[in-house]
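Report on the structure given below.
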Amino acid sequence: MFLCLRFLQANEIEKWVGSIFKIECTIWRMQIFVWYLTWCNHPTGFPSGFEHSKPSLNWDWSHSLNGFHGERSVASHFVTPANADEFEAVFKLHFEQFDLDKFQSEIQEIEFLWTEVSPLFGRIRAAQALER
């Protein structure tokens, strides 16, 4: 994710984010939501609150680089502010339109995934509601 954010031009990000949402793999989508919501430090508190279990759905702090762009943990020398802003704006548009009910049904069909992410799903819904 960071490599694309680093090397794409701002005008290429919209098409790239669209392609991220076209991948219909439930596990991929959950990974993307974990990465995105962590990277943006959403006020829902995501992904904190794993007192009892920590989902294996993570990319070992791949959402965090030293430095900040607004509220986000992003090194301004690594991802330009223009790219970070464009990515967040375009991702929010796709996220707002995303069918979380269908997605939740898909996750529930994968037992190990639902076991790990069911405590998070309310927070994902809250984050989507904030985008609207």
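The values are calculated or read from the model by the stated rules, or taken from the named source; none is laboratory data. Note that this is a predicted model, so its numbers are computed, not measured. Cβ: placed from backbone, ideal geometry, glycine included. Neighbour counts: every protein chain shown.
Couple of notes before you dig in:
- Filter pass, Glu51 being farther than 30 Å from Phe7 by Cα and modelled with pLDDT under 80: yes
- Conditions (1) at pLDDT below 85; (2) surrounded by fewer than 16 Cβ atoms within 10 Å (Cβ to Cβ); number of the one not met by Trp28: (1)
- Selection of region 90-113 for residues being in a helix (DSSP H, G or I) and more than 18 Å from the chain's Cα centre (by Cα) yields Ser105, Gln108, Glu111, Phe112.
- For Phe87: the one exception among (1) more than 12 Å from the chain's Cα centre (by Cα); (2) surrounded by 13 or more Cβ atoms within 10 Å (Cβ to Cβ): (1)
- Close Cβ contacts (under 7 Å, 6 or more residues apart or on different chains) running from residues in region 87-100 that are under 13 Å from Ala10 (Cα atoms) to residues that are outside any helix (DSSP H, G or I) comprise Glu88/Cys40.
- Only one of Trp35, Trp39 that is in contact with a strand residue (DSSP E or B) (Cβ under 7 Å, 6 or more places away or on another chain), modelled with pLDDT of 55 or more and not charged (D, E, K, R): Trp39
- Selection within region 17-35: residues that are under 18 Å from Val90 (Cα atoms) and β-branched (Val, Ile, Thr). The member of this set that is farthest from the chain's Cα centre (by Cα) is Ile23.
- Screening the candidates Ser118, Ser56, Ser19, Ser62 for the property of being small (Gly, Ala, Ser) and modelled with pLDDT of 90 or more yields one hit, Ser19.
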